[in-house]
Amino acid sequence: MRNLIRLIVCLLIVVGNISLVNANNGIGIYTENPRYWSWDGQPTLLIGGSVEDNLFQIAGLEAHLDLLVESGGNYVRNTMSSRDPGDIWPFRKEYGRVGRLARDEPWWARFTGRVSSLLPYSVGVYPRYDLNEENPEYWRRFEALLRLASERGIVVQIELWDRFDYARDPWLLNPYNPANNVNYTERESGLESRYPEHPGRNHNPFFRSIPELEDNALLLGYQLKQVDRMLSISLRHDNVLYTISNETNGDPAWSAYWARHIRTRAAEQGVTVYLTEMWDARDLSDPMHNHTFDHPELYDYMDVSQNNHQVGQQHWDNLYRQWQRVAERPRPLNNVKIYGADGGRFATTDDAVERFWRSLLGGAGSVRFHRPEQNFGLGLGALAQKQIRSARMLSAELNWMAMEPRLDLLSDLDANEAFLMAEPGRQYLLFFTGGGEVTLRASGEGPLRGRWLRPDTAQWAGESRFAAGSEIRISAPTDGRWLLMLKTDSL
């Protein structure tokens, strides 16, 4: 009888394609404080850094994930992107196959891109893609990332569409470009072979194919096929978060369409999914962000990474306003991209580290250092590893999810001098950006035990004891970044 039951269960899983993920396993929203995530039902901070955004495409993936775990990390980003050198696309390419010459295109239309501009495709030197034929290696790599990450307790935040693949030089090599596939022409697809301006200009109608916009059934059919293939893999894993786009400023109908589609496919499999959209506006008060903040029925969390273009006190203030904004219906505020590295366009290394800690103490549900390419971020370099390890050391000692950002409890401080999260009367975490001295209002409590942490070395650096009183004067031991963990004797 027992063997018969096992056989029936196996048949249900195989035939009905029933998934058992998300049944108190893997990633979820922490029910006792929905501003945070849970893993296997236990509250967790999502903290990470990685060498690349489209992580499934890199060599040495397993070793990189191991390094993240050794550093205390459990969170990575993965764009479904193929624009970097050495990347592969999700479609099969064929050499020596002559694509049809479109009736509405002159012969020189095949001279596209930096590479293919030298010779026409008709000579068979360069590939054309068949959007009806998948590239098995692309999907093998993707599945390997999710599997290897799951085995290590790492959460992967996926982005379906990265706009930078669909304009300027990357578009010249993109399989969806009508010059690069055997499936349609410019006239048939409504797509042009060149979009030389920044993708933020939204010139490419690729992102308007849905019925609510331009109703391009031909193009949408291929897009659906690609997304469904991705979901056929990702819905089998319980360590996945979904983001529709990277830094979009397109029509919100596009985002809503794909959010509903993912939910439909997940429901068919009996799987719970968590998804959002990432908007381009760097000011979180921009109306663009309302489409996620105001629609919890579509979006389970918010990715506020664009706030990480802000610096100093403004960075904290902008995040705190959003933290308050969702007070009636709390949801996680994710930061899948912490920008900043010396020599880059997005401020300095110091800015990156400060953004990391301000986001954590500001109540964010996740933080991840952005990729180091072009000095956009700290990735998983030595300094990033120290910050990740330090955050994990602190979260192991504190009831993190019981604390809230409480800058109002500090006085005698300058802008961007110090930041605080607290469970008043029980525990506090204070961050000094570069030394300093502040006053903590902590009335009605007994003595507080303090323990100093130097995040740039990930080492504890002495203890302090503060007598009970309405105001406690606290000075950082030296200049530089410091964290002070304070707890009452009862904890």
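Just to be sure I understand, how many residues within the range 376-399 are open to solvent by 60 Å² or more (accessible area, probe 1.4 Å) and not basic (Lys, Arg)?
Qualifying residue count for the region: 4.
Restricting the search to the range 268-289, which residues are part of a helix (DSSP H, G or I) and more than 13 Å from Ser255 (Cα to Cα)?
Matches in the range 268-289: Glu268, Gln269, Pro287.
List, please: which pairs have Cβ atoms under 6 Å, are six or more places apart or on different chains, and start with a residue in the range 409-433 that is closer than 23 Å to Asp489 by Cβ and end with one that is part of a loop (DSSP other than H, G, I, E, B) and open to solvent by less than 10 Å² (accessible area, probe 1.4 Å)?
Once the first residue is closer than 23 Å to Asp489 by Cβ and sits in the range 409-433, its partners that are part of a loop (DSSP other than H, G, I, E, B) and open to solvent by less than 10 Å² (accessible area, probe 1.4 Å) give Met421/Met403; Ala422/Met403; Glu423/Met403.
Being of a type in the set (Val, Ile, Thr), assigned to a helix (DSSP H, G or I) and within 18 Å of the chain's Cα centre (by Cα) is the filter here; which residues of the range 343-374 pass it?
If the condition is that a residue be of a type in the set (Val, Ile, Thr), assigned to a helix (DSSP H, G or I) and within 18 Å of the chain's Cα centre (by Cα), then Val353 is the only one that fits.
I'd like the full set of residues that are in a helix (DSSP H, G or I) and of a type in the set (Asp, Glu), limited to the range 375-418.
Glu397, Asp408
Considering each residue of the range 189-238, count those that are open to solvent by less than 80 Å² (accessible area, probe 1.4 Å), of a type outside the set (Val, Ile, Thr) and in a helix (DSSP H, G or I), and give that number.
The qualifying residues number 22.
Can you pull out every residue in the range 223-264 that is among the hydroxyl-bearing types (Ser, Thr, Tyr) and out of contact with any strand residue (DSSP E or B) (no Cβ under 7 Å at 6 or more places or on another chain)?
Residues of the range 223-264 among the hydroxyl-bearing types (Ser, Thr, Tyr): 232, 234, 242-243, 245, 248, 255, 257, 264.
Residues satisfying the conditions are Ser232, Tyr257, Thr264.
Evaluate the following for Gly444: is it open to solvent by 80 Å² or more (accessible area, probe 1.4 Å) and either at pLDDT below 95 or within 16 Å of Glu417 (Cα to Cα) (or both)?
So Gly444 fits the description; yes.
Per-residue answers, yes or no, for (1) of a type in the set (Phe, Trp, Tyr); (2) within 27 Å of the chain's Cα centre (by Cα); (3) at positive phi:
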| site | (1), (2), (3) |
| --- | --- |
| Phe142 | yes, yes, no |
| Trp161 | yes, yes, no |
| Asp165 | no, yes, no |
| Asn181 | no, no, no |
| Thr185 | no, no, no |
| Ser189 | no, no, no |
| Arg194 | no, no, no |
| Leu218 | no, no, no |
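Please tell me if Gly480 is part of a loop (DSSP other than H, G, I, E, B), under 30 Å from Ala382 (Cβ atoms) and open to solvent by less than 30 Å² (accessible area, probe 1.4 Å). Lay out the reasoning, then the answer.
Numbers: part of a loop (DSSP other than H, G, I, E, B): yes; under 30 Å from Ala382 (Cβ atoms): yes; open to solvent by less than 30 Å² (accessible area, probe 1.4 Å): yes.
Yes, satisfied.
Which of (1) of a type outside the set (Phe, Trp, Tyr); (2) open to solvent by 10 Å² or more (accessible area, probe 1.4 Å); (3) farther than 14 Å from Asn308 by Cβ does Gly365 not meet, given it meets every other one?
For Gly365, the exception is condition (2).
Which is closer than 28 Å to Arg282 by Cα and out of contact with any helix residue (DSSP H, G or I) (no Cβ under 9 Å at 6 or more places or on another chain), of Glu197, Glu159?
Residue meeting the stated conditions: Glu159.
What are the pairs with Cβ atoms under 7 angstrom where one residue, in the range 30-47, is touching a residue at least 24 places away in the same chain (Cβ under 8 Å) and the other, located anywhere, is among the basic types (Lys, Arg) and surrounded by fewer than 19 Cβ atoms within 10 Å (Cβ to Cβ)? Sequence gap at least six, or different chains.
What qualifies is Ile47/Arg392.
Cβ-Cβ below 6 Å, separation at least six or inter-chain, first residue in the range 64-85 and closer than 16 Å to Val240 by Cβ and part of a loop (DSSP other than H, G, I, E, B), second open to solvent by 10 Å² or more (accessible area, probe 1.4 Å) and among the small types (Gly, Ala, Ser): which pairs?
So the pair list comes out as Asn74/Gly153.
Based on this model, can you work out whether Ser490 counts as surrounded by fewer than 12 Cβ atoms within 10 Å (Cβ to Cβ), modelled with pLDDT under 95 and of a type outside the set (Val, Ile, Thr)?
When the stated conditions are applied, Ser490 passes them.
Being surrounded by 24 or more Cβ atoms within 10 Å (Cβ to Cβ), among the aliphatic types (A, V, I, L, M) and either under 21 Å from Asn307 (Cβ atoms) or touching a residue at least 60 places away in the same chain (Cβ under 8 Å) (or both): is that true of Ala402 here?
no
Restricting attention to the range 323-338, which residues are open to solvent by less than 10 Å² (accessible area, probe 1.4 Å), in contact with a strand residue (DSSP E or B) (Cβ under 7 Å, 6 or more places away or on another chain) and closer than 14 Å to Phe293 by Cα?
Pro332, Leu333, Asn334, listed by residue number.
The values are calculated or read from the model by the stated rules, or taken from the named source; none is laboratory data. The shown structure was predicted, so the numbers you read here are calculated from the model rather than taken from an experiment. FYI the Cβ positions are ideal-geometry reconstructions off the backbone, even for glycines, and counts take in every protein chain you see. When the accessible area is computed, the model is the full protein with side chains, heavy atoms only, and any ligands, DNA or RNA have been set aside. Shrake-Rupley method; radii C 1.70, N 1.55, O 1.52, S 1.80 Å.
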